[in-house]
Amino acid sequence: MRSLLLAHALLVIISCDGGKEGASGNRDSVRAGGTGSEVDTGGDTDGDTDGDTDALPAPVLSGQLDLAELPGVPDGLRVALVPIFFGEGPRLGAAVATATPDATGAFTLQPPESPPSLSDRYQVGEFQPLDVSGATYVVLAYEAAAPDASWDDGDRLHGAALSTLLVWLDDTAPDQGWPAGWSLVDAGLAGTYGNNRCLLDTEVPLQWATAAGYPTFTPTDVVVPLAPRAAPRGLQLTAPADPGDADRLASVSYGEVFRGETGVTPAFDVPIGDGFSASVVAAAPAESRLNPSAELVYSLYVPLAYRDLDTSGDWSTDDTTDGTTLCDADGARVMVRHTEAPTSWGGLKLLDCQGGRGGWSLVRRTDAGTWSARLDEAAQAGVHVDPAVCSW
(Lines give C-alpha, C1' and ligand atoms only; values in the text may rest on other atoms or scores of the structure.)
Protein backbone atom coordinates (compact mmCIF):
# COMPACT_ATOMS: atom_id res chain seq x y z
CA MET A 1 0.00 0.00 0.00
CA ARG A 2 1.41 3.29 -1.04
CA SER A 3 1.92 5.79 1.75
CA LEU A 4 -0.41 8.76 1.83
CA LEU A 5 1.31 12.11 1.84
CA LEU A 6 -0.66 15.14 2.93
CA ALA A 7 0.29 18.51 1.54
CA HIS A 8 -1.73 21.21 3.25
CA ALA A 9 -1.81 24.95 2.64
CA LEU A 10 -3.99 27.69 4.00
CA LEU A 11 -6.52 28.83 1.44
CA VAL A 12 -5.65 32.31 0.21
CA ILE A 13 -8.10 33.61 -2.32
CA ILE A 14 -7.07 37.25 -2.38
CA SER A 15 -3.95 38.78 -0.83
CA CYS A 16 -3.82 42.36 0.33
CA ASP A 17 -0.67 44.10 1.54
CA GLY A 18 -0.35 47.76 2.31
CA GLY A 19 -3.42 48.66 0.26
CA LYS A 20 -2.32 46.66 -2.78
CA GLU A 21 -4.85 44.02 -3.73
CA GLY A 22 -3.35 40.92 -5.35
CA ALA A 23 -4.73 37.54 -6.24
CA SER A 24 -3.84 33.92 -5.89
CA GLY A 25 -5.24 30.72 -4.50
CA ASN A 26 -2.76 28.21 -3.16
CA ARG A 27 -3.54 24.78 -4.58
CA ASP A 28 -3.83 22.55 -1.54
CA SER A 29 -3.92 18.89 -2.45
CA VAL A 30 -3.82 15.48 -0.85
CA ARG A 31 -1.82 13.08 -2.94
CA ALA A 32 -0.54 9.56 -2.56
CA GLY A 33 3.02 8.59 -3.42
CA GLY A 34 3.83 7.40 -6.93
CA THR A 35 2.85 8.82 -10.28
CA GLY A 36 -0.79 9.64 -9.55
CA SER A 37 -4.14 8.22 -10.57
CA GLU A 38 -4.22 6.79 -14.07
CA VAL A 39 -7.16 6.22 -16.37
CA ASP A 40 -7.41 2.54 -17.33
CA THR A 41 -7.56 2.44 -21.14
CA GLY A 42 -6.14 -1.06 -21.53
CA GLY A 43 -7.57 -4.47 -20.76
CA ASP A 44 -10.02 -5.14 -17.96
CA THR A 45 -7.65 -5.62 -15.03
CA ASP A 46 -9.86 -4.16 -12.32
CA GLY A 47 -10.73 -7.53 -10.82
CA ASP A 48 -14.38 -7.24 -11.90
CA THR A 49 -15.19 -10.88 -12.64
CA ASP A 50 -18.63 -11.07 -11.07
CA GLY A 51 -21.34 -10.56 -13.67
CA ASP A 52 -23.83 -9.33 -11.04
CA THR A 53 -22.24 -5.89 -10.82
CA ASP A 54 -22.21 -5.49 -14.60
CA ALA A 55 -25.85 -6.55 -14.79
CA LEU A 56 -27.08 -3.59 -12.73
CA PRO A 57 -28.51 -0.87 -15.00
CA ALA A 58 -27.10 2.64 -14.91
CA PRO A 59 -29.30 4.68 -12.54
CA VAL A 60 -31.48 7.60 -13.51
CA LEU A 61 -30.39 10.48 -11.29
CA SER A 62 -32.93 12.99 -10.00
CA GLY A 63 -31.60 16.37 -8.91
CA GLN A 64 -32.76 19.69 -7.55
CA LEU A 65 -31.16 23.13 -7.83
CA ASP A 66 -31.16 25.16 -4.62
CA LEU A 67 -32.71 28.45 -5.73
CA ALA A 68 -33.07 30.01 -2.27
CA GLU A 69 -30.67 32.86 -3.09
CA LEU A 70 -31.73 33.31 -6.71
CA PRO A 71 -34.89 34.70 -8.34
CA GLY A 72 -35.16 31.58 -10.51
CA VAL A 73 -33.14 29.28 -12.71
CA PRO A 74 -30.36 31.43 -14.24
CA ASP A 75 -30.58 32.02 -17.98
CA GLY A 76 -28.69 29.40 -19.96
CA LEU A 77 -28.06 27.10 -17.01
CA ARG A 78 -27.86 23.38 -17.81
CA VAL A 79 -26.59 20.40 -15.84
CA ALA A 80 -24.20 17.66 -16.88
CA LEU A 81 -22.97 14.37 -15.44
CA VAL A 82 -19.21 14.40 -15.99
CA PRO A 83 -16.47 11.87 -15.17
CA ILE A 84 -14.00 13.33 -12.68
CA PHE A 85 -10.52 11.85 -12.36
CA PHE A 86 -9.03 12.68 -8.99
CA GLY A 87 -5.26 12.72 -8.72
CA GLU A 88 -5.04 14.47 -12.07
CA GLY A 89 -5.96 18.03 -11.14
CA PRO A 90 -8.68 16.69 -10.89
CA ARG A 91 -9.45 16.26 -14.59
CA LEU A 92 -12.99 16.46 -15.94
CA GLY A 93 -13.94 14.17 -18.83
CA ALA A 94 -16.57 14.51 -21.51
CA ALA A 95 -20.18 14.71 -20.28
CA VAL A 96 -22.04 11.39 -20.30
CA ALA A 97 -25.46 13.01 -19.81
CA THR A 98 -26.90 16.55 -19.91
CA ALA A 99 -30.27 18.12 -19.11
CA THR A 100 -32.05 21.45 -18.75
CA PRO A 101 -33.72 21.98 -15.33
CA ASP A 102 -37.38 22.90 -15.29
CA ALA A 103 -38.66 26.18 -13.84
CA THR A 104 -38.50 24.77 -10.30
CA GLY A 105 -34.88 23.64 -10.72
CA ALA A 106 -35.66 19.91 -10.96
CA PHE A 107 -33.75 17.75 -13.43
CA THR A 108 -32.94 14.14 -14.31
CA LEU A 109 -29.78 12.63 -15.82
CA GLN A 110 -29.43 9.20 -17.43
CA PRO A 111 -25.90 7.75 -17.75
CA PRO A 112 -25.63 5.90 -21.08
CA GLU A 113 -24.04 2.59 -20.10
CA SER A 114 -23.52 0.11 -17.30
CA PRO A 115 -20.91 -0.77 -16.30
CA PRO A 116 -19.10 2.46 -17.19
CA SER A 117 -16.55 2.40 -19.98
CA LEU A 118 -13.00 1.38 -19.16
CA SER A 119 -11.81 4.89 -20.01
CA ASP A 120 -13.89 6.25 -17.09
CA ARG A 121 -12.34 3.87 -14.52
CA TYR A 122 -9.30 4.34 -12.32
CA GLN A 123 -8.06 3.33 -8.86
CA VAL A 124 -10.27 5.12 -6.32
CA GLY A 125 -9.05 3.23 -3.22
CA GLU A 126 -5.78 1.77 -2.01
CA PHE A 127 -5.90 -1.60 -0.30
CA GLN A 128 -3.97 -4.88 -0.20
CA PRO A 129 -3.88 -7.13 -2.08
CA LEU A 130 -6.04 -5.31 -4.69
CA ASP A 131 -6.83 -1.63 -5.13
CA VAL A 132 -10.50 -0.78 -5.67
CA SER A 133 -11.22 0.23 -9.24
CA GLY A 134 -14.18 2.42 -10.01
CA ALA A 135 -15.56 5.47 -11.75
CA THR A 136 -16.51 8.79 -10.17
CA TYR A 137 -18.92 11.31 -11.69
CA VAL A 138 -19.90 14.82 -10.61
CA VAL A 139 -23.06 16.75 -11.47
CA LEU A 140 -22.12 20.20 -12.77
CA ALA A 141 -24.30 23.24 -13.38
CA TYR A 142 -22.88 25.18 -16.31
CA GLU A 143 -23.64 28.14 -18.56
CA ALA A 144 -24.51 26.60 -21.91
CA ALA A 145 -23.28 28.19 -25.14
CA ALA A 146 -26.64 27.35 -26.78
CA PRO A 147 -30.03 26.14 -25.44
CA ASP A 148 -29.22 22.43 -25.88
CA ALA A 149 -25.42 22.59 -25.81
CA SER A 150 -23.54 19.94 -23.88
CA TRP A 151 -20.92 20.88 -21.31
CA ASP A 152 -17.57 21.71 -22.84
CA ASP A 153 -14.28 22.28 -21.07
CA GLY A 154 -13.99 26.04 -20.55
CA ASP A 155 -17.70 26.72 -20.08
CA ARG A 156 -18.55 28.85 -17.05
CA LEU A 157 -19.42 26.67 -14.05
CA HIS A 158 -22.28 27.72 -11.79
CA GLY A 159 -21.95 24.92 -9.25
CA ALA A 160 -21.31 21.26 -8.54
CA ALA A 161 -22.89 18.60 -6.33
CA LEU A 162 -19.77 18.30 -4.15
CA SER A 163 -21.44 16.21 -1.44
CA THR A 164 -23.16 13.74 -3.79
CA LEU A 165 -20.88 12.10 -6.33
CA LEU A 166 -22.15 9.22 -8.45
CA VAL A 167 -19.76 6.27 -8.18
CA TRP A 168 -19.44 2.81 -9.66
CA LEU A 169 -17.15 0.38 -7.81
CA ASP A 170 -15.87 -3.02 -8.86
CA ASP A 171 -16.42 -6.28 -6.99
CA THR A 172 -13.41 -5.80 -4.72
CA ALA A 173 -15.25 -2.93 -2.98
CA PRO A 174 -17.38 -5.05 -0.58
CA ASP A 175 -14.19 -6.54 0.89
CA GLN A 176 -13.40 -3.01 2.09
CA GLY A 177 -16.90 -2.28 3.37
CA TRP A 178 -17.95 -0.32 0.28
CA PRO A 179 -20.87 -1.22 -2.01
CA ALA A 180 -20.17 -2.65 -5.44
CA GLY A 181 -21.92 -1.22 -8.47
CA TRP A 182 -23.71 2.13 -8.52
CA SER A 183 -24.27 4.39 -5.52
CA LEU A 184 -24.03 7.99 -4.39
CA VAL A 185 -21.23 9.03 -2.06
CA ASP A 186 -20.28 11.95 0.14
CA ALA A 187 -16.47 11.89 0.25
CA GLY A 188 -16.13 15.04 2.37
CA LEU A 189 -15.18 17.26 -0.57
CA ALA A 190 -17.43 20.23 0.21
CA GLY A 191 -16.18 23.26 2.14
CA THR A 192 -12.95 23.52 4.09
CA TYR A 193 -11.35 21.15 6.59
CA GLY A 194 -8.73 21.29 9.34
CA ASN A 195 -8.26 24.97 10.16
CA ASN A 196 -9.81 26.29 6.94
CA ARG A 197 -7.70 24.33 4.50
CA CYS A 198 -9.09 23.73 1.03
CA LEU A 199 -8.86 20.34 -0.66
CA LEU A 200 -8.56 20.69 -4.41
CA ASP A 201 -7.36 17.22 -5.34
CA THR A 202 -6.52 13.78 -3.94
CA GLU A 203 -5.37 10.47 -5.40
CA VAL A 204 -7.62 8.63 -2.94
CA PRO A 205 -10.96 10.46 -3.25
CA LEU A 206 -12.87 7.94 -1.11
CA GLN A 207 -10.21 7.66 1.59
CA TRP A 208 -8.63 11.04 2.22
CA ALA A 209 -11.12 11.91 5.01
CA THR A 210 -11.74 8.54 6.68
CA ALA A 211 -10.77 10.01 10.07
CA ALA A 212 -13.70 12.42 9.73
CA GLY A 213 -16.17 9.63 8.98
CA TYR A 214 -16.11 9.64 5.19
CA PRO A 215 -17.07 8.17 2.78
CA THR A 216 -20.79 7.75 3.35
CA PHE A 217 -22.79 5.91 0.69
CA THR A 218 -26.48 6.26 -0.18
CA PRO A 219 -28.72 4.64 -2.83
CA THR A 220 -29.03 6.31 -6.21
CA ASP A 221 -32.74 7.08 -5.69
CA VAL A 222 -31.82 9.99 -3.39
CA VAL A 223 -32.42 13.44 -4.91
CA VAL A 224 -29.07 15.09 -5.68
CA PRO A 225 -28.93 18.67 -4.30
CA LEU A 226 -26.96 21.23 -6.28
CA ALA A 227 -26.36 24.83 -5.19
CA PRO A 228 -25.47 27.13 -8.14
CA ARG A 229 -23.24 29.28 -5.94
CA ALA A 230 -21.26 30.78 -8.80
CA ALA A 231 -24.31 31.85 -10.83
CA PRO A 232 -24.31 35.61 -11.49
CA ARG A 233 -26.50 37.67 -9.20
CA GLY A 234 -27.19 41.33 -8.60
CA LEU A 235 -26.99 43.41 -5.43
CA GLN A 236 -29.79 45.51 -3.99
CA LEU A 237 -28.80 47.61 -1.00
CA THR A 238 -30.77 49.99 1.22
CA ALA A 239 -29.08 51.36 4.33
CA PRO A 240 -29.20 54.27 6.79
CA ALA A 241 -26.55 56.98 6.60
CA ASP A 242 -25.05 59.98 8.37
CA PRO A 243 -23.53 61.64 5.31
CA GLY A 244 -21.80 64.58 6.96
CA ASP A 245 -20.99 67.00 4.13
CA ALA A 246 -21.46 64.37 1.42
CA ASP A 247 -24.43 64.35 -0.93
CA ARG A 248 -23.66 61.20 -2.95
CA LEU A 249 -22.25 57.72 -2.45
CA ALA A 250 -20.23 56.02 -5.19
CA SER A 251 -18.76 52.52 -5.26
CA VAL A 252 -15.38 53.33 -6.85
CA SER A 253 -13.02 50.75 -8.32
CA TYR A 254 -10.24 49.51 -6.07
CA GLY A 255 -7.66 50.47 -8.69
CA GLU A 256 -8.79 54.10 -8.70
CA VAL A 257 -8.88 54.46 -4.91
CA PHE A 258 -5.62 52.73 -4.05
CA ARG A 259 -3.58 52.78 -7.26
CA GLY A 260 -4.57 56.00 -8.97
CA GLU A 261 -5.97 54.14 -11.99
CA THR A 262 -8.92 55.80 -13.73
CA GLY A 263 -11.41 54.91 -16.41
CA VAL A 264 -13.65 52.40 -14.58
CA THR A 265 -17.23 53.53 -13.99
CA PRO A 266 -18.38 53.12 -10.36
CA ALA A 267 -20.48 50.04 -9.66
CA PHE A 268 -23.18 52.40 -8.37
CA ASP A 269 -23.42 56.14 -7.78
CA VAL A 270 -26.48 57.34 -5.84
CA PRO A 271 -27.74 60.30 -3.80
CA ILE A 272 -27.26 60.03 -0.06
CA GLY A 273 -29.20 61.66 2.76
CA ASP A 274 -30.25 59.99 5.97
CA GLY A 275 -30.09 56.81 3.93
CA PHE A 276 -29.51 55.54 0.41
CA SER A 277 -30.61 52.82 -2.00
CA ALA A 278 -28.38 51.23 -4.63
CA SER A 279 -28.77 48.47 -7.15
CA VAL A 280 -26.22 46.84 -9.45
CA VAL A 281 -26.95 44.02 -11.88
CA ALA A 282 -24.65 44.16 -14.90
CA ALA A 283 -21.34 42.31 -14.61
CA ALA A 284 -18.23 44.30 -13.74
CA PRO A 285 -16.21 45.38 -16.80
CA ALA A 286 -13.04 43.53 -17.71
CA GLU A 287 -10.83 46.53 -16.90
CA SER A 288 -11.87 46.34 -13.22
CA ARG A 289 -10.50 42.82 -12.71
CA LEU A 290 -7.76 42.60 -10.11
CA ASN A 291 -6.55 39.12 -11.09
CA PRO A 292 -7.56 38.46 -14.71
CA SER A 293 -5.37 35.36 -15.09
CA ALA A 294 -6.42 33.60 -11.87
CA GLU A 295 -8.80 30.64 -11.59
CA LEU A 296 -11.27 32.75 -9.60
CA VAL A 297 -11.52 36.23 -11.15
CA TYR A 298 -12.94 39.12 -9.12
CA SER A 299 -13.25 42.91 -8.93
CA LEU A 300 -13.47 45.13 -5.84
CA TYR A 301 -15.18 48.48 -5.42
CA VAL A 302 -14.83 50.89 -2.48
CA PRO A 303 -17.99 52.72 -1.32
CA LEU A 304 -17.11 56.41 -0.79
CA ALA A 305 -19.36 59.24 0.36
CA TYR A 306 -18.44 62.39 -1.57
CA ARG A 307 -19.42 65.99 -2.22
CA ASP A 308 -20.48 66.62 -5.83
CA LEU A 309 -18.62 69.93 -6.13
CA ASP A 310 -18.86 70.18 -9.92
CA THR A 311 -22.60 69.38 -9.78
CA SER A 312 -22.14 66.84 -12.56
CA GLY A 313 -24.45 64.40 -10.83
CA ASP A 314 -21.85 61.65 -10.63
CA TRP A 315 -18.34 60.85 -9.42
CA SER A 316 -15.52 62.84 -11.08
CA THR A 317 -11.98 63.99 -10.33
CA ASP A 318 -13.18 67.44 -9.21
CA ASP A 319 -15.29 65.96 -6.41
CA THR A 320 -14.01 65.56 -2.85
CA THR A 321 -14.28 62.81 -0.25
CA ASP A 322 -13.04 62.55 3.30
CA GLY A 323 -12.84 58.75 3.03
CA THR A 324 -16.19 58.02 4.67
CA THR A 325 -17.23 54.54 3.64
CA LEU A 326 -19.71 51.72 4.27
CA CYS A 327 -19.45 49.68 7.49
CA ASP A 328 -21.17 46.68 9.00
CA ALA A 329 -22.95 46.70 12.36
CA ASP A 330 -19.62 46.20 14.18
CA GLY A 331 -17.90 49.08 12.42
CA ALA A 332 -15.83 46.93 10.07
CA ARG A 333 -15.32 48.41 6.61
CA VAL A 334 -17.21 46.78 3.76
CA MET A 335 -16.37 46.55 0.06
CA VAL A 336 -18.45 45.62 -2.95
CA ARG A 337 -17.12 42.54 -4.77
CA HIS A 338 -17.95 41.08 -8.16
CA THR A 339 -16.92 37.44 -8.67
CA GLU A 340 -17.06 35.88 -12.12
CA ALA A 341 -18.32 32.34 -12.61
CA PRO A 342 -15.16 30.20 -12.91
CA THR A 343 -14.27 28.09 -15.92
CA SER A 344 -12.26 25.45 -14.04
CA TRP A 345 -12.77 22.96 -11.24
CA GLY A 346 -10.06 24.71 -9.22
CA GLY A 347 -11.85 28.04 -9.42
CA LEU A 348 -15.18 26.48 -8.47
CA LYS A 349 -13.64 24.72 -5.47
CA LEU A 350 -11.92 27.92 -4.32
CA LEU A 351 -15.28 29.69 -4.42
CA ASP A 352 -16.78 26.87 -2.37
CA CYS A 353 -13.98 27.02 0.21
CA GLN A 354 -14.34 30.76 0.76
CA GLY A 355 -18.13 30.53 1.03
CA GLY A 356 -18.37 32.92 -1.90
CA ARG A 357 -21.07 33.62 -4.44
CA GLY A 358 -20.99 34.57 -8.08
CA GLY A 359 -21.90 38.07 -9.17
CA TRP A 360 -22.18 40.96 -6.72
CA SER A 361 -21.90 40.79 -2.93
CA LEU A 362 -20.74 42.77 0.08
CA VAL A 363 -17.54 41.51 1.70
CA ARG A 364 -15.45 42.18 4.79
CA ARG A 365 -11.72 41.70 5.16
CA THR A 366 -10.73 38.38 6.72
CA ASP A 367 -8.09 37.88 9.41
CA ALA A 368 -5.77 36.73 6.63
CA GLY A 369 -6.14 40.11 4.90
CA THR A 370 -8.40 38.97 2.08
CA TRP A 371 -11.60 40.72 1.02
CA SER A 372 -13.61 37.52 0.77
CA ALA A 373 -15.79 37.25 3.90
CA ARG A 374 -19.24 37.55 2.33
CA LEU A 375 -22.01 39.27 4.29
CA ASP A 376 -25.14 37.16 4.49
CA GLU A 377 -28.62 38.65 4.42
CA ALA A 378 -28.69 39.33 8.17
CA ALA A 379 -25.27 41.01 8.19
CA GLN A 380 -26.13 43.06 5.12
CA ALA A 381 -29.13 44.47 6.98
CA GLY A 382 -26.71 46.07 9.49
CA VAL A 383 -24.55 48.08 7.08
CA HIS A 384 -24.54 51.87 7.35
CA VAL A 385 -22.59 55.04 6.58
CA ASP A 386 -21.21 57.00 9.53
CA PRO A 387 -18.12 59.24 9.18
CA ALA A 388 -17.54 59.17 12.93
CA VAL A 389 -16.80 55.43 13.00
CA CYS A 390 -16.06 54.25 9.49
CA SER A 391 -13.63 55.76 6.99
CA TRP A 392 -10.46 55.05 5.02
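The values are calculated or read from the model by the stated rules, or taken from the named source; none is laboratory data. Fair warning: this is a prediction, and the values are worked out from it, not measured in the lab. Because the Cβ atoms are built from the backbone with ideal geometry, glycine has one as well, and the counts that use them run over all protein chains shown.
Numbers at a glance
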{"item": "Filter result for the condition that a residue is in the same structural domain as Trp208 (by TED's automatic domain parsing), exposed (fewer than 15 other Cβ atoms within 10 Å of the Cβ), in contact with a Lys or Arg (Cβ under 6 Å, 6 or more places away or on another chain) and under 27 Å from Arg357 (Cβ atoms), over Thr104, Thr100", "result": "Thr100"}
{"item": "Any hit, segment 321-341, residues being within 30 Å of Asp155 (Cβ to Cβ), in contact with a strand residue (DSSP E or B) (Cβ under 9 Å, 6 or more places away or on another chain) and assigned to a loop (DSSP other than H, G, I, E, B)", "result": "yes"}
{"item": "Qualifying residue in segment 194-201 (condition: farther than 20 Å from Phe86 by Cβ and not in a helix (DSSP H, G or I))", "result": "yes"}
{"item": "Matching residues, segment 254-274, being among the charged types (D, E, K, R), part of a loop (DSSP other than H, G, I, E, B) and in contact (Cβ under 8 Å) with a residue 24 or more places away in the chain", "result": "Asp274"}
{"item": "From the options Ala141, Ala145, Ala94, Ala135, residue that is assigned to a strand (DSSP E or B), more than 20 Å from Ala227 (Cα to Cα) and not polar (S, T, N, Q)", "result": "Ala135"}
{"item": "Qualifying residue in segment 208-215 (condition: buried (at least 24 other Cβ atoms within 10 Å of the Cβ), in the same structural domain as Thr108 (by TED's automatic domain parsing) and part of a loop (DSSP other than H, G, I, E, B))", "result": "yes"}
{"item": "Checklist (1) free of Cβ contacts under 8 Å to residues at least 24 places away in the same chain; (2) within 16 Å of Tyr137 (Cα to Cα); (3) over 20 Å from the mean Cα position of the chain (by Cα) applied to Glu203, failing item", "result": "(1)"}
